Each structure stands twice: as C-alpha cells, then as structure tokens.
Amino acid sequence: MSGAASLSNGAIADALEELGDLYELDGAIVHRVLAYRTAAKTVREASVSVGALAHEGRAVELTGIGKTLQEKIEALRETGTIPAAEKLRAKFPQGLIEITRLPGIGAKRARLLHAELGVDSPQALREAALAQRVREVRGLGPKFEENVLEALERTNGDPGESGGRARLLLPQALELGEMLARGLTESAGGAGTTVKVAGSARRMADSVKDIDLIAVTSRPVALAKSLEKLPEIEGVASAGTAGARGRAHVGVGVDLRIGKPKQLGNLWQHFTGSGRHNATLRELAVRKGLHVSEHGVLDDQDGRTRTYRTEREVYERLGMAYIEPELREDRGELEAAAPTGGNGLPKLIEQQDIKGDLHCHTIASDGKNTIAEMAAAARELGYEYVAITDHSATHGFGNDVSPDELRRQIERVREVDGQLEGIRVLAGSEVNILPDGGLDYEDELLAQLDWVVASVHTAFGMGEEAMTKRMTSAIEHELVDAIGHPTGRMIERREPYAIDLGTVFAAAARTGTLIEINANPDRRDLSDTHARGAVQAGVTIVIDSDAHKTRTLQNMRWGIATARRAWLTKEDVANTRPWPELQRMRKRGRAS
C-alpha cells in the first residue's frame, strides 16, 4: 500500500468532523460548519482512497471538497494533523469536544453547559446531571437532563463508543459489492470465473457491516490476490485458495469465498443465508441422513460431496421449495418451504406490481423538482398515478405550505393532471400530526385533497402512552388515508420513538387507514418485522418513495425489499391496485 493511501478514509472523515465541531464550538457561521460535515460524509462514503486522490491533487473531484479542503487533507496525510484544528483545540478542553459527540447534545449545548456550569468532560456532565443542575440551564430542562444520562449510560461515558463498527446502508453496500464483483471478474479475464454478492446485502437488510462475495473459478489463488489491487480496497489481511479477507476504504470488511466452478449453487446458498437459517438447514439435512459441509451437501450413502450449479438444486435436494434470498433469516421459511410445512411460502411482491406512488415532494416544500417534472418521471417508471404530497404548514423544513398556498398547489396539480397524458396526478399533502393528535389543516381544506398522508415530524421525545394516543388520533381522523414513516426511525442514526405499535395496528385495521413502508433507504419505516406484524393484524400497507427529487422516485426499490423481507404479497399492498380500485377501498370512499 502506498504512503498516499495509508491514511484511511475513516481517519480523514473523523478529522474533518472534529474540525467542524471545533469551528461550531468557536461560533463559526453555520455554512462553514456544514461544509466540513458534508465533506466528512463525502470522504467516509468514498469508494476509493481520498488520501491518494489528495496526493494527486484530485480530491477536488469529490462533491463538497474544494482546494482548501484538499490542502487540509494533504496536510493531515503528511503530518498527521490539520494546523487549523491544532489552534482550535488549544482554545477548548478536550473533554468538551467529547461532549459534543454525545447523542442529542452538539456544540451549541456543549458550549452553553461549559459557560453556565463549567462542564468540561463527560464525567463532569454526568455529575451535573445527577445533581439535577443541568435542568436549571436556560433552554434545557428535566427531559434533556434525562436524555443526557441515558446517552452517557449507552456510551459508558465514552462518546467514541457510540458509533461501533462502520455499517453501510443497503444501497451503498450493494453498489460497493457489485463494483467489487465486476472488478474481480475483469481481473480474471471473465472466462471461467463468476463472482456474486452474497450475505446480508443480498438478503436486502437495512444496513450491512461486511461485504460478502462468493466466486467460482479454476484459478482461486490468482483471484484472491487480485482483491488487493481493486481501487475500492484499503488493504487485504489474507488471500489464498479458499478466498481473501480485506477492508474497503469506506470502513467495512470484505470477505471473498472461492469454490470450484461446479459449486456456484452451494456457495451462493450457504453464504447468502443468515447463520440461523444455515444452522436450521443443517439440522434438517441431518434428519435426512445428509451432512452439510462448508460448501455443499455430503451424501453419506456414497461418501461423495455433491455440487450444485444453482441454489434451487440445493433446496430441492432437501425436499424444499426455493427460498427467496430476502426470506433466509430463520423466521419460519424453512418449515414453510417443506412439503409438510404450514401454508407454504408466499408469492412475494415485486417491483412491477406497483401501480403508483402516493408520497412525494416538490419545490412547494422541500423538494427539488416541479409537479410536472415529478409526474413525468413517475410516468417514465410506468406508474398509473402519483400523489403530490408536499409538507404542511408546521413541518418546519423548507417552504411552509400555508392553507392558501395549498389551495394554489391543488390548482397547479389539477392543471398538470389535465395536461399530462398517461398518468393520473393527484393532489395531496403530508400533514403534520401535532402533539395533541390534531392535524395542521382544517377539515374543509383536507376534504379537497385526493390523498392525505399524516406523519410525525416534531416532539419525538414524548412518552409511549402520549405518542400512541397522538398517532391513533390521526388514524381515526376520517380524512387521513395513510400514516407516513410510522416509527420515525433513521437507520443507524435515530432510534424509533416510543410507541405501542400493537395499539396503532389495531386502530389502523379497525378504521381502514393504510400504514406506510417509507422506501427512503435512510428510513425503511415500517421495518420488515413491523410490516409483517401489521399485516398479520389486518392492516393494509402502502409503499411510497417519499421522493424529494425525480431520481429518488426510484427509492421504491428499497420499500419493495422491506416488503419482501416482511413476507408481503401484492394483495397486502394498496398501491398495487389501479387508482379506481384503490379509491373504492379508501375508508371515506368519496369521489375525487
């Protein structure tokens, strides 16, 4: 590995994030702080060595990195530090910087705690919170003090412990895995070599901690050694006949398993299933007098290891129906796939089943495209209908859509609907559910809309009872068609708010209100387990992109992945139906 590449992307991103925190502690303008945080995110997610790019003068090719930041990265690579950061560190206690990294605090509150209470370390913060002094600081209060103690408990007083190992959201993991598979295939010259993505990325999990690849080839050692030569790889710890293990520049591990050309089915099946799925499979095989080796099924009668070119052959050998990758989590799929199983495996929903998207945004609130542009892009995806659902008046982000502005928006939607052929354009809104369970538009205005999505965007810290009552009040509102991103989670960034989903699902089933799987890959909310529970409770699901620009209409893919992991069929999802049929099943059933 060259010296230019020896500084990992993670280390560079950490340094830029720290510099952003230091500037915020120092009272710098918000744009300067955001510039460093944006650059840190770009670096952390880069698939190639940013240190090497900076050394070549090419880091400016990355989004959000200009000449000044490139110079800082090069200084960090050469000296191990950034001069501007050294100067700022001298102005603040190191412990204060650590406090800024605690969830829910940040630089502004850390600076306030330092000024008001002299807090300069996580330990000092704990002592102040236990003494109930934090609640006395203006703008904070008892709830913030409680959250501080919880954050300190989760991290054991060490903010550096909160992050854990790097994880990639599914889209980035799949993109990296496919890039690596292509690179390995090209390095082998293509002939006689097949490389596939396996593991949790192929199971379409929310996030991925390792990239699992399987390959079959007649030249295993050469293929294993070629992993280190790929530009996405930071380094390789081992490489040999059975495979290779390395680390990507984005901070995740890469595990390549290699088998013989006839073992593709064996490898892909074994290294796609979860550990529990494979363990249960092994138990079932033993009952049939078979033994599962690392890469195949050993038939004890003739003592030979069988090889399978397809995964379907593996499951057939065990007397089972083929199990889709998304289901291989040991949640009853093996029993359902057996001939004597329960009701069998469902025919999972597919992307082509979706007839329309009922949650997207335009420039009227915080979107990037116009109504006409979003509608035309939805038509290009083959949709029959699309609902324009800009954020309501109290959302607090982007433009505020006042009641009068919403009336004008309805007129604009009707105009586009009349002009654009081949798709029905619906007038809607994503209405904020207020803390008391009310909505922020009058019923008279909501009744003019074709579609109403109600979502929580504020006051996430409410207790479970209050939040559940808030949500059920919205569900019971006769003009609410669907509940958007029902748990408020942001994958790897924010935990769901406290809510009794059993009560929520019962209310939705009773009233006919749809519950959303929000397909934004940061959300995927409902999760797969919750979506399965919702359907079992009698709820109908709607899968929406929550697109804020034309290209993110394609987020629908990740919502479909969640639905498939939840065992959902097209019948379980409302927007697999044509608009007239969907209209008839809506709880208020009024004409539009």
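The values are calculated or read from the model by the stated rules, or taken from the named source; none is laboratory data. Predicted, not measured: the structure shown is a model, and the values here were computed from it. Cβ: placed from backbone, ideal geometry, glycine included. Neighbour counts: every protein chain shown.
Counting only helices (runs of 4 or more DSSP H) that fall entirely inside region 510-592 and contain at least 1 residues that are in contact with a Lys or Arg (Cβ under 9 Å, 6 or more places away or on another chain) and surrounded by fewer than 23 Cβ atoms within 10 Å (Cβ to Cβ), the qualifying elements are 528-536, 579-585. Scan region 266-274 and tell me whether some residue there is assigned to a strand (DSSP E or B) and either of a type outside the set (Lys, Arg) or under 22 Å from Glu45 (Cα atoms) (or both). Scanning region 266-274 turns up no residue that is assigned to a strand (DSSP E or B) and either of a type outside the set (Lys, Arg) or under 22 Å from Glu45 (Cα atoms) (or both). Taking the criterion of being assigned to a loop (DSSP other than H, G, I, E, B) and either of a type in the set (Asp, Glu) or surrounded by fewer than 24 Cβ atoms within 10 Å (Cβ to Cβ) (or both), the residues of region 376-399 that qualify are Leu381, Gly382, Tyr383, Glu384, Ala393, Thr394, His395, Gly396, Phe397, Gly398, Asn399.
Of the residues Ala519, Ala508, Ala498, the single one that is in the same structural domain as Met556 (by TED's automatic domain parsing), of a type in the set (A, V, I, L, M, F, W, C) and more than 20 Å from the chain's Cα centre (by Cα) is Ala508.
So, in region 415-443, exactly how many residues are part of a helix (DSSP H, G or I) and surrounded by 13 or more Cβ atoms within 10 Å (Cβ to Cβ)?
3
Scanning region 412-435 for residues that are of a type outside the set (A, V, I, L, M, F, W, C) and closer than 16 Å to Thr389 by Cβ gives Arg412, Arg414, Asp417, Arg424, Gly428, Ser429, Glu430, Asn432.
Could you go through region 368-375 and let me know if any residue there is in a helix (DSSP H, G or I), modelled with pLDDT under 95 and surrounded by 19 or more Cβ atoms within 10 Å (Cβ to Cβ). No. Selection of region 251-265 for residues being touching a Gly at 6+ places or on another chain (Cβ under 6 Å) and at pLDDT 90 or above yields Val254, Leu256, Arg257, Ile258. Looking only at residues in region 127-145 that are more than 32 Å from the chain's Cα centre (by Cα) and either under 14 Å from Ile99 (Cα atoms) or in contact (Cβ under 8 Å) with a residue 40 or more places away in the chain (or both), the one that is surrounded by the most Cβ atoms within 10 Å (Cβ to Cβ) is Val134.
If the condition is being outside any loop (DSSP other than H, G, I, E, B) and either surrounded by 19 or more Cβ atoms within 10 Å (Cβ to Cβ) or modelled with pLDDT under 95 (or both), then region 467-497 contributes Met467, Thr468, Arg470, Met471, Thr472, Ala474, Ile475, Ala482, Ile483, Met490, Arg494.
Is it the case that some residue within region 498-508 is within 29 Å of Gly367 (Cβ to Cβ), in contact (Cβ under 8 Å) with a residue 24 or more places away in the chain and not in a helix (DSSP H, G or I)? The answer is yes, given that some residue of region 498-508 is within 29 Å of Gly367 (Cβ to Cβ), in contact (Cβ under 8 Å) with a residue 24 or more places away in the chain and not in a helix (DSSP H, G or I).
Among the residues of region 146-170, count how many are part of a helix (DSSP H, G or I) and either at pLDDT below 95 or exposed (fewer than 14 other Cβ atoms within 10 Å of the Cβ) (or both). Within region 146-170, residues that are part of a helix (DSSP H, G or I) and either at pLDDT below 95 or exposed (fewer than 14 other Cβ atoms within 10 Å of the Cβ) (or both) number 12. Can you tell me which residues in region 66-90 are polar (S, T, N, Q) and either under 29 Å from the mean Cα position of the chain (by Cα) or in a helix (DSSP H, G or I) (or both)? Selection gives Thr68, Gln70, Thr79. Give the residues of region 37-65 that are closer than 15 Å to Arg77 by Cα, without any contact (Cβ under 8 Å) to a residue 40 or more places away in the chain and assigned to a loop (DSSP other than H, G, I, E, B), sorted by residue number. Matches in region 37-65: Gly57, Arg58.
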